[in-house]
Amino acid sequence: MLRILFFAICCYYLTACTPKIQLETPAEGITINMNVIVDHKIEVSMDEKSRAVIKTVDKTENTEKGSKRKK
């Protein structure tokens, strides 16, 4: 009888001490204000040999475009 009473008391204490976990969502949604201004300054620098090559390529492209237009 004592064992049954001890077992019942242990079960009562174990069930009384269970933690309660709740997840609640906020009443309002999450608001993110993104007022962002992006400004870039890009600088390109080339050496003299690269500039000379680009100038010759530009000249050949311009002459090819001009010859195609004449046809």
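Nothing in this text is a laboratory measurement; each read-out follows from the coordinates by a stated rule. As the structure is a computational prediction, the values presented were derived from the model and not from experiment.
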(request) Quote to one decimal, in nm, the extra length available between residue 27 and residue 55 on full extension: 0.36 nm per residue of separation minus the C-alpha distance between them. (result) 3.6 nm
(request) List, in order, the whole-Hz ³J(HN,Hα) value for each residue of the range 44-59 obtained from phi through the Karplus relation with A = 6.51, B = -1.76, C = 1.60 and θ = phi - 60°; use x for Gly and Pro. (result) 10, 10, 10, 7, 5, 5, 5, 4, 5, 5, 5, 5, 5, 5, 4, 5
